[in-house]
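See structure below.
The values are calculated or read from the model by the stated rules, or taken from the named source; none is laboratory data. None of the values given here were measured: they were computed from a predicted structure. A quick note on method: Cβ atoms are made from the backbone with ideal geometry, for glycine too, and the neighbour counts reach across all protein chains shown. Protein only, heavy atoms only, side chains kept; ligands, DNA and RNA dropped before computing areas. Shrake-Rupley method; radii C 1.70, N 1.55, O 1.52, S 1.80 Å.
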Amino acid sequence: MSQAAGVGLLDGLVIAVYFVAIVGFGAALGRFTTTTRDFFLAGQRFPAVLVAFSCVATVVGSYSFVKYSAAGYQYGLSSSQTYLNDWFWMPLFLFGWLPILYAARILSVPEYFHRRFDRRTGVAATAVLLLYLVGYIGINLFTIGRALEALFGVDLFVMALVVTALCMVYEWTGGQTSVIFTDLFQGGLLLVAGLLIAGLGLWHLGGFGEFARLLPAGQLRPLADFNDSSRFNFVGIFWQDGLAGGVAFYFMNQGMLMRFMSARSVAHGRRAAALVLIVLMPLAAIAVSGAGWIGSAMTAAGELPADTAPDEVFVRVTRMLAVPGVFGIVMAALLAALMSTADTLINASSALLVNDVYRPFIRRGRSERHYLAAARWTSLLAAAAGLSLVPLYDSFGTIYEAHGAFTAAITPPMAVALLLAFLWRRFTPAAALATLVGGTALMFVSVRFPALVEPFAHGVPPDGGYKYIRACYGVAVSLAIALAVTPFTRPREASEIEGLTVWTLPGWLVRRVGRARERGVRLRARARTLDGPEEARAVAQCGETSEPPLVLHPAAMAMLDAGAGETVFVNDRRWWLGGLRSARCTLTPVEGAGRAMQAHEPVLLGLPERMMQRNGWRDGQPVTVEVLD
């Protein structure tokens, strides 16, 4: 590793202030986390815009600035392919997978496999997904260690350990609520910092025309060579990232799913996904690659040494372009990228360990307080497991290669099994289990015997060990297993998988709630505290629902076109709180709620005292209430 770039007093002060502010703010939000639902899904209370911007901080990981700047430095504008080549999955995500998760109240991919198939398949999915998430945590920690090693001259493992410890402070206390709110600010900082460096670079070089003239031949092309290079080629990146990686990131990445599931409804989740895809991802592609593109032009102009290591180009270009203070802001953005992605992945790993391993198999029937404590300890365990992988990733040539090789080797079996699960009703439990276990085994075999990948290599040279194109092999063999086993095994009855495939979801929703689409009706009201006997009757009426009761006048229920037992969202009218003070409740008819409502009196809704106290609401607090699917 080359000599450290160095950090001045002002830059160091900016970074320190950023750390103190973001960690303190995230820890303070712990007061809104009292259950595992809060810890993992933030109470499902947030609007689309907040979810979308926090997603940017997850999409733009700690590896992104370093990884894509390195790729941009070596290969030019084609480094943006990864951010822009998975758009074709969005219709399936928006109108298939996301509605299934919301309608069936599914909290994890293994839970879906358990309900769609059987317990054995759910266990296999848990194992594969934990391998994916922990490996992803390791990639993030390795990247930030590599970047900070270049910046401060301190061993990368030590830097990764320090930043992990700081990240765990607010992850431990606030869970998903802290993750979303800290990522909201970090997502904005990431975009601003990345676009700022790109803009400063163009200005420094004399405009876009001079920048384009200085770029080496071929680096202005939007796509890489089809198969000329084993280190970076169009077909390999497409299979590894556009197909297997695209499914993995949007459909099976528990961290991303939990982010969208933290939206208050499926409609808000869809809006957030559309905003990410159409607006924020193109901006992110420029933000993360810009320093590499500028660095390539600066090398051609003789301003940057020709032997600059690709993984160091982001820090070096930023150091050259940014004045003191601004450099500190950009470095804080780099640290934000680590924390915003690592905290999401750590929280997701904890969710799997608690909800799919600890709760059903190790400690059943314990209190919510017990499981919340378990969630915090498993977060620490997941962070430690990811940290242990840092030396392994350090053996790869670049971060881009390490990340691409990991994604191509791990994701194809789960991606194939998941897509077939919600698209093909005939897909059987035995076939799903064989796809997960057999496909994963064949992926590891191909690492030991790369010749197995050669028939799927599209002419890519084998000298790189088929890092990216292995995903094509993985998709092919996993799909072959699924198609071979399904015809000879028994599928589940149609009644057992209602609402769990795209073909059964509309009819199931109509039978369950009388409609297939969310109504979006919103009613202005004022909250009041239920007295003891009234709350007890309301709780008894609710039955076994996880949401607290909400007592509403029958006339107001008619205005909402809602019936008893439906889920509603109560939100503080102060929009700038972003849904932080809100509650999901179950509409409950109780004795005494049927008196005539006068035209002049306001709509009143009754909430349990603990819910009023948690949100800091007083009697008469202005709120809105809307029905959710």
(message) I'd like the Karplus ³J(HN,Hα) series for the range 347-353: coefficients 6.51, -1.76, 1.60, θ = phi - 60°, whole numbers in Hz, and an x wherever there's a Gly or Pro.
(response) 4, 5, 4, 4, 4, 5, 5
(request) Evaluate E = 1/(1 + (r/R0)^6) for Leu220 and Ala127, where r is the Cβ-Cβ distance and R0 equals 41 Å; express this FRET efficiency to the nearest 0.05. (result) 0.40
(request) Can you tell me the FRET efficiency between Ala274 and Arg573 if r is taken as the Cβ-Cβ distance and R0 is 25 Å, rounded to the nearest 0.05? (result) 0.45
(request) Return the distance in nm (one decimal) between the two label points of a simple spin-label model at Leu392 and Val192, each offset 7 Å from Cα along Cα→Cβ. (result) 3.8 nm
(message) Quick check on the range 184-304: take the gyration tensor over C-alpha atoms, sort the square-rooted eigenvalues as a ≥ b ≥ c, and tell me if it's rounded (a/c under 1.5), prolate or oblate.
(response) oblate
(request) Mind giving me the nanometre distance, one decimal, between the label points for Ala564 and Asp118, set 7 Å out from Cα along Cα→Cβ? (result) 3.9 nm
(request) Taking H placed 1.01 Å from N in the peptide plane, check which residues at least 5 places from Gln621 or on another chain put their amide H under 5 Å from its amide H. (result) Ala527
(request) Sort the range 371-470 into rounded, prolate or oblate with this rule: let a ≥ b ≥ c be the square roots of the eigenvalues of the Cα gyration tensor; rounded if a/c is under 1.5, and if a/c is not under 1.5, prolate when a/b is larger than b/c, oblate otherwise. (result) oblate
(message) At 7 Å along Cα-to-Cβ for each site, give me the label-to-label distance between Ala373 and Val445 in nm.
(response) 4.6 nm
(message) Please list, in order, the residues from the range 264-292 whose amide nitrogen is less than 19 Å from a point placed 7 Å along the Cα→Cβ vector of Arg522.
(response) 264-275
(message) Could you tell me which residue out of Met261, Leu200, Gly245 lies farthest along the dipole of the range 178-299 toward its positive end? Charges go on the beta carbon: Lys and Arg +1, Asp and Glu -1, centred on the Cα centre.
(response) Met261
(message) Tell me the carbon and sulfur percent of the accessible area for the range 199-325, rounded to whole percent, probe radius 1.4 Å.
(response) 66 percent
(request) Please work out the FRET efficiency for the pair Ala536 and Val49, using the Cβ-Cβ distance as r and a Förster radius of 41 Å; give the result to the nearest 0.05. (result) 0.60
(request) Provide the gained length on full extension for the span Ala212 to Glu454, in nm with one decimal, where the gain is 0.36 nm per separating residue minus the Cα-Cα distance. (result) 83.4 nm
